[in-house]
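Only one structure is covered here, and it is reproduced in the block below.
The values are calculated or read from the model by the stated rules, or taken from the named source; none is laboratory data. Not measured: the values here are computed from a predicted model. Here the Cβ positions follow ideal geometry from the backbone for every residue, glycine too, while neighbour counts run over all protein chains shown.
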């Protein structure tokens, strides 16, 4: 009985210690090809910011596998880098690319004032200034 309690306490301690740690996310799938990317800033409070992306899956069997966003400060400039990845999900696929459009929101509520440039899979999507 004491052994079981000791094992449970040890396991709980390991689980709790891992809760605060954030491990880097491994990239899953390949980057999709971007045909067009543009930042759009609306009116309102908080200021709505979206990125419209026209891209292509490599085949008709591909699906989203991952979308990552990273904010990188380079001197006075701040860059929001977005990665859109896809992976094959089927066996019998048309090898032709499949075009799609996605609109991603950028949560600007917690961003400090400044000018931000946005890049999607290495393609410049433009910039916006956050004044609030």
*Identify, please: which residue in the range 91-115 is under 15 Å from residue 42 (Cα atoms) and surrounded by 15 or more Cβ atoms within 10 Å (Cβ to Cβ) and is, among those, modelled with the highest pLDDT?*
104
_Please go through (1) at pLDDT below 90; (2) surrounded by 16 or more Cβ atoms within 10 Å (Cβ to Cβ); (3) under 16 Å from residue 124 (Cβ atoms) for residue 74 and return the number of the only condition it doesn't satisfy._
(2)
